Structure formats: C-alpha cells, structure tokens
Protein chains: 2
Amino acid sequence: MMSQAANKESEVDVLIIGAGPAGVMCANALAMAGVNVRIIDQRPAKVAAGQADGIQPRTIEVLQSYGLAERLLREGNQMHMAAFYNPSPSGGIERTSRAPDVTAPTARYPFEITLHQGAIEAIFLDSMKAHGVVVERPIIPTSIKLSKSEGELKDPSAHPVTVILQHLDPEDAQEVSEIVRAKFVLGADGAHSWVRKSLGISMDGEQTDYIWGVVDMVPNTDFPDIRCKCAVHSNNGSCMIIPREGDLVRLYIQLADRDVVDPATGRVDKNRFGPERLLEVAGKSFAPFEIAASGPVDWWTLYIIGQRVASKFSVSERVFIAGDACHTHSPKAGQGMNASMNDTHNLAWKLTHVLRGWADMSLLKTYEFERRKYAQDLINFDKKFSKLFSGKPRTQDNQDGVTHEEFIEAFQTFGAFTSGIGVHYEPSAITHDQHQALASKLIIGERVVPHVFIRAADARPYNIQDLLPSDTRFKLLVFVGATTDAAQAARVRTLADVLDRPESFYRRFAHGDPTKVFDVLSISSEGKQNVNYTDLPPLLRQHWSKVLLDDTDMYARVGGGGYEAYGIDPQCGAIVVVRPDGYVGMVAPINGLQDLNAYFDSFMAQ
Amino acid sequence: MMSQAANKESEVDVLIIGAGPAGVMCANALAMAGVNVRIIDQRPAKVAAGQADGIQPRTIEVLQSYGLAERLLREGNQMHMAAFYNPSPSGGIERTSRAPDVTAPTARYPFEITLHQGAIEAIFLDSMKAHGVVVERPIIPTSIKLSKSEGELKDPSAHPVTVILQHLDPEDAQEVSEIVRAKFVLGADGAHSWVRKSLGISMDGEQTDYIWGVVDMVPNTDFPDIRCKCAVHSNNGSCMIIPREGDLVRLYIQLADRDVVDPATGRVDKNRFGPERLLEVAGKSFAPFEIAASGPVDWWTLYIIGQRVASKFSVSERVFIAGDACHTHSPKAGQGMNASMNDTHNLAWKLTHVLRGWADMSLLKTYEFERRKYAQDLINFDKKFSKLFSGKPRTQDNQDGVTHEEFIEAFQTFGAFTSGIGVHYEPSAITHDQHQALASKLIIGERVVPHVFIRAADARPYNIQDLLPSDTRFKLLVFVGATTDAAQAARVRTLADVLDRPESFYRRFAHGDPTKVFDVLSISSEGKQNVNYTDLPPLLRQHWSKVLLDDTDMYARVGGGGYEAYGIDPQCGAIVVVRPDGYVGMVAPINGLQDLNAYFDSFMAQ
C-alpha cells in the first residue's frame, strides 16, 4: 500500500520528529513563542503507563518557567526521603540509614517527582494545544536531505532541509506521503533515532553487563520504607524502589545474564523472564520483609544499560538531535527524561531568536557545545553510579564488595549533578565569564539560584525564578544597591540614561520595542519602609511590578538576605544578565554598559 | 404574559435562591457532597465587574479546603501592605507609616485577595458544573409556603417547603412557572431578600450617616502606595485605596450628604454624582499627589452604610437565610462577601449530614446560633471602624479629631476579626468546651491553626489544613505522643481497640463504613529517623498516608514544633475532633472514648 509518490508539499520553520519528552518540550516552547512548528510521531497514541517517570528538581524549575509545574506538582508523587538497606548480621536486610533524596541545598523544589511518562507528556500536549499545536500521528519520516548550498545553509530564511513523511492513518487504505521543506529539523526520535542514523551520526560508548528488570505495581508489603527511594543491597542481589503516583511503586531488580539473555542472539529476551519471576527475585532481596503485587502488574520491562553519547548533536546547525537520540544511560539515576527535556529547553529559545532575526546563526552552535558536554558528564557519572549500585555489598565474606559509606558518598557527591541543579555551561558567545566577583554566588553558566524578594510597590513576596519565565526574553537584573544613597542613586540614573541611548545594546537590538527582547527588573538592597518604587528612573521601573526589594515580607516569613545569598555588594550593586533559559549569561558593574554591549554584540543581530 | 398557572412540578432536597457568594458557596459544597440541589438566580448572567471583591485570609483557607484556592491565588491580587496617610504640616497629605495589611499571626495566607465578584463566583460555578450543578437563570420565586404540620417539619425526608418559581427566559414568549417542593430552602438573595421579606423576618439596626462613593479604574498617578491598601485621612475628606487584579485600583471616597442625597426622597441619587466628580473629590484628598483614571472607569457606585442583622436566620430549620439577606454592613472592611461565604460554609455540611440521616435535625439549630452571633460581632466592629474611618483626622485646628494612633490601634485590634481568623463559635452540641488544656492552643470553637507536619512514610511535608478538606467527614486527629515509649504505645493500641468495638461512636455512627463519616489521622511527636508508619495499629493507619510526624522535612526548611504550637504534651498526646468545616469541635485524652461518645451522641444519628 506504500505509495512513494508524494502528493502533498509544504514548508515549515521547524519540524520536530518524535513526541517524547525532548520533542514535546521543544514543540511547546516554540508554540508558546509563536514559532511556525510541526511535530510528528510514529505512535498512534501517547504512552499510557510505565516508561521513564522521574522529574528532577532542576527540571521542575524549568517546567515552572513555562507555567507547567503546578499541574506536575498536583499529579505527581514527591520523593523526599531515601533509605538504604544492607545485609543484616542476622540474615536478610536491615535499614542502615535514611537521608534526603535530593542533596542540592539551593533546589527550589527539594524532591524528585515521579509520574508516568504519558501524564508528563500530557501536560505539554495540553499546553501546546492551547497554543495551536498538536502532535500529528501516526507519521514516519522516510527520507531526509540537507541542501549542500553554503548560501542556503547560511540564510536563516531558507528551507534547506527536505523531509518526506509517510502518513500511516490506519483508517486510510491509501497512505499519503508528503514533502516538507523545513528551516530546521529536530530529531527527538529516541534511542534508535532514525534521524541520527539517516545522517550517519555515530554513538560513542558501549553496552554494559548490567541487566535489570523493572516492575510497576501496587505493592502489598510490610516494608516500612516502601514510599521512599530505597537502595537495597542484599546478598541476593540489588533492588531499587521508586514510589510513584497514587499507590504505585516501581522496583528495579538486578538480574543475572544467564536468566534473561538469549545465548543465540546475545540480546535480552522478554520471553525468558516475566513479572512473576521478577517479583520472585525481588522477594529474596527483601527478606525478611514480604513484598508482592496487590493486583495485576501495571507495566514491566527488562534492559541492559548502554552508556553512549552521539559524536555530534547537529549537522550544519540545520538538523539537530536531542534526548535519547544522542545519549543513553541507566534509567536508575532518573536522568533520561530530564536530560532530554533540558536539551530542547536549551535549544528552543536559540531557534526562536534566529528565526526572529534577533540572533546570528552562530548562536545555534552553542547547543551542541553546551549539551554534549553535559551528556558526557552524565555518562561518566552514570558509569560510576551503576558500578557501585550493581556491585555486591561488602560483608564479612566479601571484603571486595562496595561499602555503605562508598555508596552514600557517591550518592551525596553526585547529588547536585543528579538533581540537575549543578549543570554548568562553559564560557561561550552567550556565557561571558567576567566580573564573577560582583555576584560571587550567582555562578555564570549556572541557573539563577531561587530566592524570595518582595515587590517595592506592594510588599508581595516573589521567588525570583517566577519573574524569569521562559518567554524568550533576556532578563536584565539590575541590582541597584543602596538607592537612598545620593551617589549610588546618581549612578543608577546614569545607567538608565546610557541604556536609553541609541548606541546601547538595549536600543540597538530592540527590533522596534526593547521590552519584547529584554525585561528589566530592578532590585534594591534597602527595606520596605524606605523605598518607593517611584524613586527609580522610569526605564528601571517600566511597570509598578518591576521593582523588587531585598527584604522580608510583612510577616518576616520569607525574603531578605538576597544580596548576601547572591554575593552582591548591597551598596554598589551589579547587573546580572539572565539568558532566556534561566542561566546566568554575564555579570557587569552598574557602570558596565561596555561589557553589556560586548556580550550582546557577540551573538545578537540588529 | 405572566401566567400564574404552574405547568411543572418537582421535588428537590435543597433549593437555593440567589447565586451570589453565599448561594454559590452553598451550592458547590452540596454538589461536591452529592446532595440533590438546585440553585436559581434572577439575573440573566453573572456579574462582570465591580461589586464586592475582597477575600480575607480565613476565607482563602476555606476555599482551599474545597480545592479552590489555587485558582483564586492565581487570578487575584494580593494585599500585603497597608499604608496610612495623614495631613502634613506643610499642607496636603504625607505617609505616617506602613504596616502589614493582615494582623493575624497564624493566618496561613497572610494577605487579602482582591478580585472582582464575577471572577470569584466563576471559580464556584466551574466547580459546581464539574459536579453537575448549574445556576438556573433568570428565574424568580413568586411564593414560598412552609407546611404547618409538626410531623412533616420534624421528618427529615419530608418536603415541607413549597416554592413557586417563574422562569423569565427572554426568548420564551410563554413564561413558565413551576412548583418546587423542597426539603430545605436557602434564601441567599441579597440585602433586599425576597425570602426574608416573604417570611416576615425583620432586620434589626439602622442606617448610618456615612455616604461613600466607589470607583474602580486603572490609575495614572505618582502616589507611591497605589498598590497598598491605604487609609488616607486628609483635611479634604477620607479615602481608601484597594488595589485590584491587574492594574485596577478601587477608591472609596467619603462624600457629604448634601451632594448625593435627594432631599425629596432622602435616598442616594446616582444622577447627582458621577465618577468624574468622585475622582475630583479624591484628587483633593490626595494632594500633593496626582491621581486620575488612565482610561474609562471600570465600575462605580454610591452607598450609605447600613448596619443591620436579621432577627432570625431560619424558620423551623427548614428555610434559612444567609449572606446579605441577614446582615448588611460597610464594604470598606472587606467583610461582606466573606461573611456570606462563611455563613453557607457553616450550613452546607449540616444540611448534608441531616439529609444523609447521619445527624439529628437539631444540628441545624447551630447555624443560627453560630452565624448570628458572628454577624452581631461584625456589626459592632463595623460601627466602631466606620466611625473612626469616617471621622475627621486630628490636627492642630481640630483637637476632637481621630488620632493616627487611635486609628492604628483599631486597625490592629480588629485585625484578627477582619481576617476571619479569630472567628470563635460558642459551646453547643457540636462544640464541647472540655479538656482545652490538653491542646491549649487549638482553641475549641476556632479553626485548626495551620501547621506543617511530615508524613511518616515518605517525609513529605503537608500543611495540616490540606489534610482537613471540606469533604463532610469529621476528622479525628490522634496525637499519639511518644510512640517509641512502650507504655504510650500500649495506650495507643488500647485506643485503637476500643474505637473498633461496637459500642464506640466510630462503629455506631459508621452507617456501614466508618471511613465515609470519619477520617483518622495519627500524629506522632517523634522524629523521621525513628518512626515507621507500620509501627501504629492498623485502625490508626488505614492508608500509608495517614501517619504524620512532628518533625522538619529532609532539608529542615519547614515543619517541626507542632505539638508545642498546639499546646499538646509530646509524651501523652491528645485527640482533637475537627468538624467538617475545619473548626475544633472537642478535645479528649487518649483514653477519652467516653467523652468522644458523648460528643457524637449529642447530635449524630444511627
């Protein structure tokens, strides 16, 4: 029935192939930005159960920046506590300790959220829909071609990528193919990515020997930490517990090669090992506690950990790959979906700026630069963690085993990394590593540390992250310092004056209206009894809501200490440029217009 | 066209007349409880602007108990700060001080929310709709009759109230009337209540001399406190500022009789005074600051304060009145809508329990007992506040005027009252004033003080108010004390045993399933490292989520100190019974089954 003759042709700015976490994050961000985008998927419907399901603290912050965290927090389970079990001298296992699940002191949401992948994707699908974009499915791509014309590749308004799509509507006997000419294509089509293979991008790294089974179920158990993330090391193998939404619990169960690998093919064979046998193995690890499924198993699978990173993340900055298409690793550290979403959170604003003509094409090079390094760090972390986790526990009889202290140390050390909070982008066109001392704790290349400030006009407390939405704008955080000091007030007035001159980046890159490109927030170091928002020059208070104070709220319940937390001098202040994705791009002194100009000159277009 | 011949007859459990704040609160609560309810209104559509708009801290807590606060918080403006202006020695006004808008230290939401009445009602209408109830409009009642048969009045399953309704569908030339026989009728039909008048209930109290104008607009101003609640006392009259959602601001402006009252009728005449003149008067009060509307006025009105309370709130506990139908007062203290909603929050669960056969008809007497006293307190408060607010400020030339200190003192003193937090219900069948010393700071007859506890199973922090939803169930908060102490653990086991015996209220009033009537939460005074939720007897942990700890979360950010905050002994504990509306009904010792039995015996039915 496959008619290869295309009977439809179209153009689009961005074509996204694959509606998993990386794809829907990108599609939603572009839809919210008003970009002309299409997203296709080969599955006829979204996933209903199982799959990846852990959302890390930084990813919650990112969802919040798109206005999506409220629903995630409402629907998901929160993991606050981890518990560690090890062999007991009397046989079976016993609890060694309980600890925070997340070890990242600045996390705004100090926990992981678990919720099945379909429910998480639904949050994005509903938001996309409100912005007029729906996933077209089932559709598969059958051909992708990139123009070889340098002129075309360099022209942001050209459509140098040609993709042929095959519509697989099961109701339609006559299948339809379509030629799509796109400015940009994103391959977010999973570990077996068709886009990656079509472009001949290799995966570096290898498969491990670690084989695991996964079971989602409502347990019937007397195990007291069933609602905590548990690392269970027993002499009968290792297990991990991940509590889920409602009463569901996920078990990760270590398996032996001989049980699950088909010797003929060397591949995991799901016919050799069902959920009943997985629970049998788990039962041995959990003794003396009882654990069983209280009803039918919700979802299950088997897998071998592969730890690989794609050799490149884009071809000519016209076709990109993201998510599992460019990195695969162990699911147990709960990183997969998070790395995927953060890939395209990083990419979406860059595509938007280029498509709007606000930024030079070269901006797109920073995607691979920033995200491939992250993926490599992730694989390195995963190797260490998987080895420790899959290793035998140290006991009287096994002095070569992993000690509880080694495991805990790794758990803590990698805490900032697994939480996503510690992600650090290296210096580039959009990350200028200078004047760090002026805001010594707002690390350039890292996300803005959440902190509560109050609005000068009405003393309402706000977490500053809520004032840094992913709305494609650069945020200029003007820490105006001690505004009741006459000399400082004069410096602040001068800043407002020079920002408003034609030669300033603020006017040069305004594209008709600077408030569309830049959002200016002023933050005074003084208290709510002294400051009027009307004290600041108009450019630094373009709306009454744009002036903040570093003070407690009216009840002294939240707020205060922000300048100190950020390492900013309360007298002199500083200017902090925040990228549209919430990462610190640069720091400058109040009189540092020259540095600001240099920063935006390095990637912006007039 | 009015055909008095009814051509339709029907029965309903509860008929609500009027879809203002009191009506929709009641209809939503009953709809959520699955009660057979209808609600009618004479207006063809809901209000779009203006009217009452202030939601007090306690009312936010109440909305949260129905799952409705999230949207209110998202859509509304928050008032955190109040500012006070008085005559300046140099002429015009100057700021005397800024202060917290809310003076109730235990308020969970320490601010007022402002949002126009239509938007607030929409939150209820959407919730009701999700539970299958919509407002039928436009419909007016034309006759109400209550059966004189004692037998019928005492039988909860009888329909002793007969109401004739007139459908006013403007599209329908032939208007339809309908006879409705109801078990209960609620008149929530406003200050000019038809229900109240039909039943001949008098209003006690009188009209004041205070005449005020109200204007909603987006201001153009250099006044630095335009986003705070401001009390402006000038020598040119008094004004109050109430910032609203978006950039809207409401001004209350004091007026003189001669300007607005028609001498012929003695009534306020809106033709004598438009919004332009109101802003002119305001402008004089605000000097030297400028204030003007930046566009057309959104809404405006004039009013004379009336301070009246209905002589009774029900007839035979079959027809009730609520909201403005039974009390009217000054809108400036922002109490109207709050008192109205809290009237029916108080009534709805009582109607539900009686209709389900869970409670004796006598339970309904507590509605008037509790809410009429509150309304009287409110009027007394309002008299004092209005007098102070409408009075001339004290100046060099006017030594009889109100001093700033007097005004601030009243503002503070009445803070707990205006916030709704201090509402205190006197002893009655549902409020047994005994054993207060066992929980000395959870005041019997007051709402449960919000506090964060953590769940034993997963260390997730919860504000206890979120575990006390308005779901019609009584909550048994079992403060189990020091559960690792063997003697205390034995007492707790005994409690579980005796609760489960046939003679216990928990079994006697179970109506087949005690968990439908009672929700049991256990709260240990011990820490997260020591307690397993599995330690408690099954009746006290009917789900893993039902055991709490008085400890900080894993980051020590929230929680801990709950036993102390509630005045409960951490060794011995206590039992606190919380009414379905969130108010403390009684306190008992851990071995106090007898007192618990006596409490529920005083109003429950088997």
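The values are calculated or read from the model by the stated rules, or taken from the named source; none is laboratory data. For clarity, every value in this text was computed on a predicted model and none was experimentally measured. In this analysis, Cβ positions are derived from the backbone assuming ideal geometry, glycine residues included, and neighbour counts consider all displayed protein chains. Note: areas computed on protein heavy atoms with side chains; ligands, DNA, RNA excluded. Shrake-Rupley method; radii C 1.70, N 1.55, O 1.52, S 1.80 Å.
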Subject >> Sole exception among (1) of a type outside the set (A, V, I, L, M, F, W, C); (2) more than 14 Å from chain B (Cβ to nearest Cβ); (3) within 25 Å of A:Asp471 (Cβ to Cβ); (4) touching a strand residue (DSSP E or B) at 6+ places or on another chain (Cβ under 9 Å) for A:Tyr66, by number >> reply: (4)
Subject >> Residue list for region B:483-526, restricted to those being touching a strand residue (DSSP E or B) at 6+ places or on another chain (Cβ under 7 Å) and closer than 30 Å to A:Ser97 by Cα >> reply: B:Thr483, B:Gln488, B:Val492, B:Val520, B:Leu521, B:Ser522, B:Ile523, B:Ser524, B:Ser525, B:Glu526
**OP:** Name the one entry in B:Asn463, B:Asn398 that is surrounded by fewer than 18 Cβ atoms within 10 Å (Cβ to Cβ), within 14 Å of chain A (Cβ to nearest Cβ) and among the polar types (S, T, N, Q).
**Re:** B:Asn463
**OP:** Within region B:391-415, count every residue that is closer than 16 Å to B:Tyr85 by Cβ and not aliphatic (A, V, I, L, M).
**Re:** 12
Original post:
For B:Met32, which of the numbered conditions (1) closer than 25 Å to B:Val195 by Cβ; (2) within 14 Å of chain A (Cβ to nearest Cβ); (3) of a type in the set (A, V, I, L, M, F, W, C) fails to hold?
Top reply: (2)
Subject >> Tally of residues being surrounded by 21 or more Cβ atoms within 10 Å (Cβ to Cβ), under 19 Å from A:Glu406 (Cα atoms) and out of contact with any helix residue (DSSP H, G or I) (no Cβ under 8 Å at 6 or more places or on another chain) across region A:349-390 >> reply: 1
Original post:
Quick one: which helices (runs of 4 or more DSSP H) sit completely within region B:45-149 and have at least 1 residues that are of a type in the set (A, V, I, L, M), open to solvent by less than 30 Å² (accessible area, probe 1.4 Å) and without any contact (Cβ under 8 Å) to a residue 60 or more places away in the chain?
Top reply: B:57-65, B:69-75
Original post:
Does region A:580-602 include one or more residues that are farther than 17 Å from A:Leu476 by Cβ and either touching a strand residue (DSSP E or B) at 6+ places or on another chain (Cβ under 9 Å) or open to solvent by 30 Å² or more (accessible area, probe 1.4 Å) (or both)?
Top reply: no
Subject >> Verdict on B:Ala574 being more than 13 Å from chain A (Cβ to nearest Cβ), over 18 Å from B:Ala456 (Cβ atoms), touching a residue at least 24 places away in the same chain (Cβ under 8 Å) and touching a strand residue (DSSP E or B) at 6+ places or on another chain (Cβ under 9 Å) >> reply: yes
Original post:
Out of all the residues in region B:367-384, is one or more of a type in the set (S, T, N, Q) and more than 17 Å from B:Asn338 (Cα to Cα)?
Top reply: no
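Output yes when any residue across region B:130-150 is among the polar types (S, T, N, Q) and in contact with a Lys or Arg (Cβ under 7 Å, 6 or more places away or on another chain), and no when none is.
no
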Subject >> Test: A:Phe320 is in the same structural domain as A:Phe184 (by TED's automatic domain parsing) and over 15 Å from the mean Cα position of the chain (by Cα) >> reply: yes
Subject >> Hits in region A:315-332 - residues which are open to solvent by 10 Å² or more (accessible area, probe 1.4 Å) and either small (Gly, Ala, Ser) or touching a helix residue (DSSP H, G or I) at 6+ places or on another chain (Cβ under 6 Å) (or both) >> reply: A:Ser316, A:Glu317, A:His329
**OP:** Filter region B:277-290 for residues that are open to solvent by 80 Å² or more (accessible area, probe 1.4 Å) and outside any helix (DSSP H, G or I) and give the result.
**Re:** B:Pro288, B:Glu290
Original post:
Given region B:195-276, what strands (runs of 3 or more DSSP E) lie entirely inside it while holding 1 or more residues that are away from every other protein chain (no Cβ under 14 Å) and open to solvent by less than 30 Å² (accessible area, probe 1.4 Å)?
Top reply: B:203-217, B:229-234, B:237-243, B:249-255
Original post:
Of all residues in region A:448-458 being part of a loop (DSSP other than H, G, I, E, B), closer than 26 Å to A:Pro110 by Cβ and not β-branched (Val, Ile, Thr), which is nearest to the other protein chains (Cβ to nearest Cβ)?
Top reply: A:Pro450
**OP:** State whether the residues of region A:296-311 include one that is open to solvent by 10 Å² or more (accessible area, probe 1.4 Å) and in a helix (DSSP H, G or I).
**Re:** no
**OP:** Within region B:369-389, count every residue that is charged (D, E, K, R) and within 15 Å of the chain's Cα centre (by Cα).
**Re:** 5
